[in-house]
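Shown next, in structure tokens, is the structure this report addresses.
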Amino acid sequence: MIVWLRQHRNALALALRRLAGAPVNTLLSLLAIGVALALPAGGQMLYSNARSALPGLSASPQISLFMAVDAKSKDTQDIAERLHRFDGIASAKPVSREVTLARMKAGAGLAEVLEALPQNPFPDAFVVNPRDERPEAMEKLAAELRKLPRVEHVQLDSAWVQRLDALLRLGRTAVLLLALLLGVGLVAITFNSIRLQVLTSRAEIEVSRLLGATDAFIRRPYYWFGALQGLLGGLVAWAMVFGATVWLRGPIFDLASLYRLDFALAPLAASDAGLMLVLAAALGWTGAALSLHETTADN
Amino acid sequence: MIRFDRVSKRYPPGIDALADVSFEAGAGEFLIVGGHSGAGKSTLLKLIAAIERPTGGAVLVNGQNVGALARGAIPFLRRNIGLVFQDQKLLFDRNLFDNVMLPLAIAGFAPREAARRVRAALDKVGLLSREKAMPISLSGGEQQRLAIARAVVGRPGMLLADEPTAHLDSDTARDVAAIFHEFHQVGVTVIVATYDQRLFPGGRQVRLDHGRLAA
């Protein structure tokens, strides 16, 4: 066990020396890996920001409930009471037909048309704020409200929320796809750099075998090399995404305030960043394993 | 300790490096394998260390048939064999100390004990004062002595040397040969393949002639 740990420590030290020994190569590999990982990581950062901004945007999904035009005020009173007792409803604001008529008359152009009508064309209405704002829950609530007596029309103002939701799900899939593709890229980069290393260390590998080195002994430093290269590339990617976040924060905040939104771009979450680093190291290790399988199998 | 039982080695396309070779060498013996260039001396040594596998017969080392060893078992066989090659196979990207350290690193020695052994081995071949030097700065004889230090640092039970005195002037060759005698005297089994048997008096001699054992 002690021997095993010692050999791993030696292999790690050797891998670090090799990384430091060819700084230009190392830098280029790290940049390539960094860019490859920064794309999905940046996508994830934007996605989670959009996700967290969404509840703020959809804080006002409402259901509009219109009574029949010929409903008596007694009916409206009735519905008001029932809405009050409804479980899924946070609040329901009545909008009487007189108020609507007055507001419409105040609006430009409509006054004369409305004067000409024999009677008030508007129904009593309610603006309902649901307790649960998820699209499915709102659909369900709307269906229940449609069953109420003398209710003519129930309009769900959440269609756009659903569209945005679908768009975000698409974004999520795109990020995953990108991560998958560029993960393969990372494996390929590691594969190649390990292959070159093995080729340049032919003499050392040959001598080590003659002196009784096992396959594990010979491969160990390369595994470490691959994993370290992936990990450091991941750190480069994180730095890139962080830099981009800082850079974009000002302009995005300005844009958001034009829409009267209080929104500041958040950096990549620690859990996402950690996952990326672990995955990057694992992919580097995988690339090394594939390469070693190829290059050190038979000698 | 070592037994060759009707061993043959044929390289494609049908070149017999060794044919029907049988001999034995006991523990602690000093065996000189003589013969002309191309007689099969190197092949014989390679078979003992499982660098090559025989195409016929059996090579037994400590009772183990090394020709039939699993790939994973070969490293552990080699750790008990000190190998000195004609072309030394030194690593020129590291200093003397690190060259000699390599077998101990492979075997997983503790750093302090390993360093002590490396210095003892370098001292034994007279290179201790140059442990920080690079191999390229050494003369031919010094490089050969460095290779011997690397071969013995793990204190193997057996030392195999392939033409260790080739390319050396006669004085240097005598110095190097003397080192093998010293190891033989402390109980190491030594097998030296050489074209110049006069450098190794006192050893038992076998001669190869075109891959066959000559009487």
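The values are calculated or read from the model by the stated rules, or taken from the named source; none is laboratory data. Keep in mind that this is a model prediction, so the values were computed, not measured. In this analysis, Cβ positions are derived from the backbone assuming ideal geometry, glycine residues included, and neighbour counts consider all displayed protein chains. Accessible surface is based on the protein model in full, side chains and every heavy atom, while ligands, DNA and RNA are left aside. Shrake-Rupley method; radii C 1.70, N 1.55, O 1.52, S 1.80 Å.
Checked against (1) more than 36 Å from the chain's Cα centre (by Cα); (2) open to solvent by less than 60 Å² (accessible area, probe 1.4 Å); (3) in the same structural domain as A:LEU176 (by TED's automatic domain parsing), A:VAL95 passes all but condition (3).
Count of the range B:49-90 residues, restricted to those that are at pLDDT 90 or above, of a type in the set (Asp, Glu) and within 25 Å of B:PRO135 (Cα to Cα), is 0. More than 18 Å from A:TYR47 (Cβ to Cβ) and in contact with a helix residue (DSSP H, G or I) (Cβ under 8 Å, 6 or more places away or on another chain): is that true of A:ALA281 in this structure? It is true that A:ALA281 is more than 18 Å from A:TYR47 (Cβ to Cβ) and in contact with a helix residue (DSSP H, G or I) (Cβ under 8 Å, 6 or more places away or on another chain). Exactly one residue among A:PRO123, A:PRO118 is of a type outside the set (Phe, Trp, Tyr) and open to solvent by less than 50 Å² (accessible area, probe 1.4 Å), and that residue is A:PRO123.
Conditions (1) crowded, with 16+ Cβ neighbours inside 10 Å; (2) at pLDDT below 90; (3) farther than 30 Å from B:LEU90 by Cβ, marked per residue:
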site	(1), (2), (3)
A:ILE218	yes, no, no
A:TRP238	yes, no, yes
A:ARG260	no, yes, yes
A:ALA264	no, yes, yes
A:MET276	yes, no, yes
A:GLY284	yes, no, yes
A:THR295	yes, yes, no
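Looking at A:ASP272, A:ASP254, just one residue is open to solvent by 60 Å² or more (accessible area, probe 1.4 Å) and among the acidic types (Asp, Glu), and that residue is A:ASP254.
Comparison of A:ALA15, A:ALA22, A:ALA32 shows that the only residue that is modelled with pLDDT under 90, assigned by TED's automatic domain parsing to the domain that holds A:LEU277 and surrounded by fewer than 20 Cβ atoms within 10 Å (Cβ to Cβ) is A:ALA22. Hey, does the range B:72-80 have a residue that's within 14 Å of the chain's Cα centre (by Cα) and either at positive phi or crowded, with 19+ Cβ neighbours inside 10 Å (or both)? Yes, the range B:72-80 contains a residue that is within 14 Å of the chain's Cα centre (by Cα) and either at positive phi or crowded, with 19+ Cβ neighbours inside 10 Å (or both). Among all residues of the range B:200-211, there is at least one that is in contact (Cβ under 8 Å) with a residue 60 or more places away in the chain, in contact with a helix residue (DSSP H, G or I) (Cβ under 8 Å, 6 or more places away or on another chain) and of a type in the set (Phe, Trp, Tyr).
In the range B:134-153, what residues are away from every other protein chain (no Cβ under 13 Å), open to solvent by 10 Å² or more (accessible area, probe 1.4 Å) and assigned to a helix (DSSP H, G or I)? Can you show your working first?
Within the range B:134-153, the first condition is being away from every other protein chain (no Cβ under 13 Å), and the residues that meet it are B:134, B:136-145, B:148.
Narrowing the set further to residues that are open to solvent by 10 Å² or more (accessible area, probe 1.4 Å) leaves B:134, B:136-140, B:142-143, B:145.
B:ILE136, B:SER137, B:GLY140, B:GLU142, B:GLN143, B:ARG145 - these are the residues of the range B:134-153 that are away from every other protein chain (no Cβ under 13 Å), open to solvent by 10 Å² or more (accessible area, probe 1.4 Å) and assigned to a helix (DSSP H, G or I).
Inspection of the range B:106-121 finds a residue satisfying the criterion of being surrounded by fewer than 19 Cβ atoms within 10 Å (Cβ to Cβ), within 12 Å of chain A (Cβ to nearest Cβ) and outside any helix (DSSP H, G or I). For the range A:82-90, the criterion of being surrounded by 17 or more Cβ atoms within 10 Å (Cβ to Cβ) and part of a helix (DSSP H, G or I) is met by at least one residue.
Filtered by the rule that a residue be outside any loop (DSSP other than H, G, I, E, B), within 14 Å of chain A (Cβ to nearest Cβ) and surrounded by 20 or more Cβ atoms within 10 Å (Cβ to Cβ), the range B:88-105 gives B:ASN99, B:VAL100, B:MET101, B:LEU102, B:PRO103, B:LEU104, B:ALA105. Would you confirm, using the coordinates I've provided, whether B:HIS167 is modelled with pLDDT under 90 and either surrounded by fewer than 17 Cβ atoms within 10 Å (Cβ to Cβ) or within 13 Å of the chain's Cα centre (by Cα) (or both)? Here the answer is yes, as B:HIS167 does meet what is asked. Within the range A:182-217, can you find the residues that are touching a residue at least 60 places away in the same chain (Cβ under 8 Å), within 14 Å of chain B (Cβ to nearest Cβ) and β-branched (Val, Ile, Thr)? Passing the criteria: only A:ILE205.
Among the residues of the range B:9-31, those that are closer than 24 Å to B:ASN80 by Cα and touching an Asp or Glu at 6+ places or on another chain (Cβ under 7 Å) comprise B:LYS9, B:SER22.
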